[in-house]
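The values are calculated or read from the model by the stated rules, or taken from the named source; none is laboratory data. It should be emphasised that the depicted structure is a prediction, and the values quoted were computed from it without experimental measurement. Glycine gets a Cβ as well: all are built from the backbone with ideal geometry, and neighbour counts include every protein chain shown.
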Amino acid sequence: MELLFREDPYLKSCEATVTSAGPEGLRLDRTVFYPMGGGQPGDSGYLVLEDGTKLRIVDARKGDTHEDVLHILEEGCDPPAPGTKVAAEIDWERRHRLMRMHSCLHLLCAVVTGDVTGGQVGDVKGRLDFNLPDTQLDKEQITADLNRLVEEDHPVEPRWISEEDLAAQPELVRTMSVKPPSGGGRVRLLDIAGVDLQPCGGTHVQRTGEIGKVRVGKIENKGRQNRRINIFFDE
Ligand SMILES: [Zn+2]
């Protein structure tokens with residue numbers, strides 16, 4: 001399956017052909033739907049048939065391999081037969097917010113030191129958990145640092161390195177709970193030049209300015225060492 005969002009996360013739709021339709025979900029020969037992974041939710045949207053019928057896709061999940069995406073049809077929807085031509089369209093407004101928040105969490109990694117032990121990207125809020133024993137975190141300072149990095153409008157670029165090169169630079173892996181996306185001997189890195197560099201398979205905006213203004217919400221203690229930092233769009 002061709003994963004078009006990897007090369008162009010701004011693609012809102014694509015023409016595709018159904019390759020299989022089972023109870024686990026629909027497979028297409030190519031897709032713009034990002035499957036849940038790395039703390040980012042799966043896309044929702046529609047498959048539009050040639051006669052204009054719209055089939056609701058409520059979620060996208062990883063299938064058997066890194067290149068496999070299962071499109072989850074709304075309950076009660078009749079799946080189209082293999083060979084059916086469709087237009088696959090994501091809920092772009094939601095996805096773009098997820099891209100903005102996801103990119104913002106990379107900035108948070110640059111602002112706060114400490115290993116990341118978990119995280120979740122949402123279209124209203126996002127959060128990261130840091131392993132930070134006995135540290136006082138200043139909410140206002142983190143908000144100011146994040147918004148400075150947003151305003152500086154840094155370019156955000158994915159690139160690939162070999163698994164060997166990554167193994168030689170273990171400091172690149174900030175997130176202990178998320179395994180870097182790999183396959184075929186290479187790993188995808190997300191590079192915000194001079195700000196943050198780490199393995200990531202998610203979808204991001206092109207420049208940090210596109211994230212827009214954000215604010216830190218609650219900073220929670222989750223266990224003795226874990227600090228959970230909640231981020232919201234400040235709109
Ligand atoms: Zn990312």
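Here are some notes:
- Considering residues of region 28-57 that are assigned to a strand (DSSP E or B) and within 16 Å of the ligand (Cβ to nearest atom) only, the residue surrounded by the fewest Cβ atoms within 10 Å (Cβ to Cβ): Gly37
- Any hit, region 195-212, residues being more than 18 Å from the chain's Cα centre (by Cα), away from the ligand (no atom under 16 Å from the Cβ) and assigned to a loop (DSSP other than H, G, I, E, B): no
To keep it simple, each residue is scored yes or no on (1) at pLDDT 90 or above; (2) in a loop (DSSP other than H, G, I, E, B); (3) of a type in the set (Gly, Ala, Ser).
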site: Thr113; (1), (2), (3): no, yes, no
site: Gln120; (1), (2), (3): yes, no, no
site: Phe130; (1), (2), (3): yes, no, no
site: Ile142; (1), (2), (3): yes, no, no
site: Trp160; (1), (2), (3): no, no, no
site: Leu166; (1), (2), (3): no, no, no
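- Being under 15 Å from Leu4 (Cα atoms) and either buried (at least 17 other Cβ atoms within 10 Å of the Cβ) or under 14 Å from the mean Cα position of the chain (by Cα) (or both) holds for only one residue in Ala110, Ala60, and it is Ala60.
- Residues of region 1-32 that are acidic (Asp, Glu) and in contact with an Asp or Glu (Cβ under 9 Å, 6 or more places away or on another chain): Glu2, Asp29.
- Matching option when the condition is over 21 Å from Met36 (Cα atoms), aliphatic (A, V, I, L, M) and modelled with pLDDT of 90 or more, among Ile192, Ile231, Ile211: Ile192
- Residue among Asp165, Asp138, Asp134 that is over 18 Å from His102 (Cα atoms), free of Cβ contacts under 8 Å to residues at least 12 places away in the same chain and surrounded by 13 or more Cβ atoms within 10 Å (Cβ to Cβ): Asp165
- Given (1) within 13 Å of the ligand (Cβ to nearest atom); (2) crowded, with 21+ Cβ neighbours inside 10 Å, index of the condition Val216 fails: (1)
- Test: residue in region 13-27 that is away from the ligand (no atom under 16 Å from the Cβ), at pLDDT 95 or above and in contact with a Cys (Cβ under 6 Å, 6 or more places away or on another chain): no
- Selection count, region 58-103, where residues are part of a loop (DSSP other than H, G, I, E, B) and closer than 30 Å to Lys213 by Cα: 1
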